[in-house]
Amino acid sequence: MCINTNCGAAGKCGFLAHPGKNMKLFILVALFGLSLAQHNPHTKHGRTAIVHLFEWRWADIAAECERFLAPNGYGGVQISPPNEHIVLDSPWRPWWQRYQPTGYNLCSRSGSENELRDMITRCNNVGVNIYVDAVINHMCGAGGGEGTHNSCGNWFSANKEEFPTVPYTHWDFNDNKCRTGSGNIENYGDPNQVRDCRLVGLLDLALEKDYVRGKVANFMNKLIDMGVAGFRVDACKHMWPGDLSAVYGRLHNLNTKWFPGGSRPFIFQEVIDLGGEPITSKEYFHLGRVTEFKHSAKLGTVIRKWNGEKLSYTKNWGEGWGFMPNGNAVVFVDNHDNQRGHGAGGASIVTFWDARLHKMAVAYMLAHPYGVTRVMSSYRWNRHIVNGKDQNDWMGPPSHGDGSTKSVPINPDQTCGDGWVCEHRWRQIKNMAIFRNVVNGQPQSNWWDNQSNQIAFGRGNRGFIVFNNDDWNLDVTLNTGMPGGTYCDVISGQKEGSRCTGKQINVGGDGRAHFKISNSDEDPFVAIHADSKL
Ligand code: QV4
Ligand code: CA
């Protein structure tokens, strides 16, 4: 798209001079432009970060958009799967029941279709985008039985592979294509079974069929027409890129009530690629963005100082660390899987359970220019780790006795109650989401480190951050690149009116400032930005 614009502005594209060559160029630009568009999150008003409101009810998300996300500059919300799903009694209502679709009607544990529509409308009206978690690789588990025990109460049969509300019958699944004895994926070294066999027993859809592609596209198009801005596409490693391309190609442009004409849905694909498998993230780059799990695993290792890692080694963070190209990446500190030992990433993942380290890791991610950033917002569960495995990794969101999800109460101090963690509301994290908006578009600048775990960097002349993750104090004068003046540190406090509730940092006319951070500070880092100037 940029290519087109530049071309027009320069006024010398020469389309007429070499028609043959230019036709090719034109097609290339058109294709490139199209795929680039699916990499664009379409966030509004210079907002950048996305928050995953895991398992929240639609009514609560609508309220959160209006009362908190828009005023604090969050650009969008990833929501839990909105379609009808199996309901499980053993274990009791696990969170993962929503990754077992029984159809595409829009009634789920988070609420009804009307509540979903109301949420999308209200969030869009305050400029906060909605991204849907789309489970399109499979339906429920083969052992899911039959009956009406699902979130919409419609009849289905896992035994017969019949889902009449779509409808899908056994012809629409990959049973004949899969070549393993169990019918499940047995070896991640074989791309054919990873794509055509069942992921942990989940009935695998035949996405090569035009009929199945059509049903999936209809489901996604209904949501696009309702106003969503895009999708987190679940389990993409288990779908052939060609099949996904066919599905995405059928998607409508975004609803022009809220988005410019011709806007393509933002697509970010869940592919866990930590290296060592034949299927790589790269196969999906042309289709949309991809989740960069290396970022999550490595940042955890660095912040925990495991394997001899040091913050000073992150000077070339991003592609320099073997991560995917910046324009393809969606990054996060933890996600709903790896915060409880599902998926991949391992013990290094830093979650709200390690709050001090978590705040530092999220601040690092939000201060750094790499990737589209997603903040995790969790609920507490009775974590019970035995030999490294959480026995309660299945536990669903805070619920009433009948299994229905509790709504999110807001305490007078702006934190959440009833077991909802709301990391996105923590002052340090919220203020770093704002920092990211303020420095948006500025390159990383003025790097400093002590060759250990004290580092600092700026974002042009718009913001500067200093971390002390060593076991001793930091006491240093640094070039911030910021205009002279007194700034309010947005980690220990924030600017309120004309006063500062936290530390104050004086930047001289030469851009230099003195920083002192004790290793025993509640949060051993300091951040200032153009809008925190007093
Ligand atoms: C069990 C046995 C199987 C057996 C099957 C028979 O383990 O061996 O074949 O019964 O029916 C749940 C259970 C799982 C059970 C399965 C089917 O945990 O034990 O299989 O249901 O009944 C989430 C959870 C899974 C859960 C699944 C469906 O993490 O535990 O499985 O939902 O409810 C890989 C993938 C990656 C995936 C990641 C977790 O490459 O794509 O694993 N991540 C995404 C989501 C994730 C979700 C799925 C994919 C599936 O982020 O949350 O899995 O939609 O790395
Ligand atoms: Ca598959």
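The values are calculated or read from the model by the stated rules, or taken from the named source; none is laboratory data. For clarity, every value in this text was computed on a predicted model and none was experimentally measured. When we count neighbours, we look across all protein chains shown, and the Cβ atoms used for this are built from the backbone with ideal geometry, even at glycine. Accessible surface areas use protein heavy atoms only, side chains included; no ligands, DNA or RNA. Shrake-Rupley method; radii C 1.70, N 1.55, O 1.52, S 1.80 Å.
Taking the longest Cα principal axis of the chain as reference, the axis of helix 210-226 is set at about 50 degrees.
In degrees from 0 to 90, rounded to the nearest 10, what is the angle of the helix 355-367 Cα long axis to the longest principal axis of the chain? With rounding to tens, the tilt is 90 degrees. With the simple model of a label 7 Å out from the Cα in the direction of the Cβ, His170 to His514 spans 7.9 nm.
The order of Trp321, Trp353 by accessible area, most exposed first and with a 1.4 Å probe, is Trp353, Trp321. Return the distance in nm (one decimal) between the two label points of a simple spin-label model at Asn253 and Lys533, each offset 7 Å from Cα along Cα→Cβ. Calculated label separation equals 4.0 nm.
Kindly list the residues of the stretch 473-497 that lie in the label zone of Gln504, defined by a backbone N under 18 Å from the point 7 Å along the Cα-to-C-beta vector. Backbone N within reach: 483-497.
If you wrap a convex hull around the alpha carbons of the stretch 52-178, what volume per residue comes out, as a whole number of Å³?
It is 108 Å³ per residue.
Mean projected area of the Cα convex hull of the chain, taken over all directions, amounts to 27.0 nm². Rolling a 1.4 Å probe over the protein heavy atoms gives the stretch 68-208 an accessible area of 35 Å² per residue. Any idea which of Ile434, Gly230, His358 is furthest toward the positive side of the dipole for the chain, if Lys and Arg beta-carbons carry +1 and Asp and Glu beta-carbons -1? Of the listed residues, the answer is Ile434. Measuring nothing but protein heavy atoms, the accessible surface of the chain at 1.4 Å probe radius is 51 percent carbon and sulfur.
Taking all protein chains as shown and a probe of 1.4 angstrom, Thr43 keeps an accessible surface of around 40 Å².
Among His358, His45, the sequence by solvent-accessible area, most first, with a 1.4 Å probe is His45, His358.
In this calculation the C-beta distance from Trp155 to Thr415 is compared with R0 = 30 Å, giving a FRET efficiency of 0.10.
Shown in residue order for the stretch 92-100 are the 3J(HN,Hα) couplings computed by the Karplus curve 6.51 cos²θ - 1.76 cosθ + 1.60 at θ = phi - 60°: 6, 6, x, 4, 6, 4, 6, 8, 10 Hz (x for Gly and Pro).
Across every pair of different alpha-carbon atoms, what Kirkwood hydrodynamic radius in Å does the stretch 372-498 reach?
Values: mean 1/r = 0.0549 Å⁻¹.
Hydrodynamic radius (Kirkwood, Cα pairs) of the stretch 372-498 is 18.2 Å.
Explain nothing, just the number: relative contact order of the stretch 260-358, from Cα pairs under 8 Å at least 6 residues apart, as a whole percent.
28
Taking Cα pairs under 8 Å and at least six residues apart, what relative contact order does the stretch 92-162 come out at, in percent? The normalised contact order for the stretch 92-162 reaches 30 percent.
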